[in-house]
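Here is the structure we will look at.
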Amino acid sequence: MGLLNCNVSSNPASVITWRYEGRAVVITEGLVKGENSLSLHFTAVTREDAGRYRCSANNGIGDVVSKDANLVVICKFFVITFDHGRTLKASFELPNV
């Protein structure tokens with residue numbers, strides 16, 4: 001489970017958007033809009049979710065304001081699939097951080 005939250009204070013109110021690796025986040029499930037915020041909820045985080053997310057706010061006055069967040073996903077195991085459908089499951093222990 002994970003959460004990226006974007007809080008904005010502006011007058012007039014801003015339109016808030018999330019982008020992932022430069023592309024608009026177009027999912028409807030997981031985006032939660034508040035009065036001055038837009039949160040991106042992950043119910044099950046996978047390695048594919050890792051990357052750069054950008055929250056942008058635009059109220060039509062002045063410049064668009066953006067902040068980046070890098071989501072790092074640490075996995076305890078991974079699966080490698082070879083040609084012909086053979087699969088190898090490897091695991092490793094992570095040090096406490």
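The values are calculated or read from the model by the stated rules, or taken from the named source; none is laboratory data. Quick caveat: nothing in here was measured; it's all calculated off a predicted structure. Here the Cβ positions follow ideal geometry from the backbone for every residue, glycine too, while neighbour counts run over all protein chains shown.
Taking each residue of segment 5-18 that is over 18 Å from HIS41 (Cβ atoms) and looking for partners that are at pLDDT 90 or above and surrounded by 17 or more Cβ atoms within 10 Å (Cβ to Cβ) with beta-carbon atoms closer than 9 Å, six or more apart or interchain, yields SER10/ALA57; SER14/VAL8; SER14/SER56; SER14/ALA57; VAL15/SER56; VAL15/ALA57.
The set of residues in segment 20-46 that are within 23 Å of ILE74 (Cβ to Cβ) and either within 11 Å of the chain's Cα centre (by Cα) or in a strand (DSSP E or B) (or both) comprises TYR20, GLU21, VAL25, GLY30, SER39, LEU40, HIS41, PHE42, VAL45, THR46. Any chance segment 58-77 includes a residue that's in a loop (DSSP other than H, G, I, E, B), modelled with pLDDT of 85 or more, surrounded by 11 or more Cβ atoms within 10 Å (Cβ to Cβ) and touching a Leu at 6+ places or on another chain (Cβ under 9 Å)? Scanning segment 58-77 turns up no residue that is in a loop (DSSP other than H, G, I, E, B), modelled with pLDDT of 85 or more, surrounded by 11 or more Cβ atoms within 10 Å (Cβ to Cβ) and touching a Leu at 6+ places or on another chain (Cβ under 9 Å).
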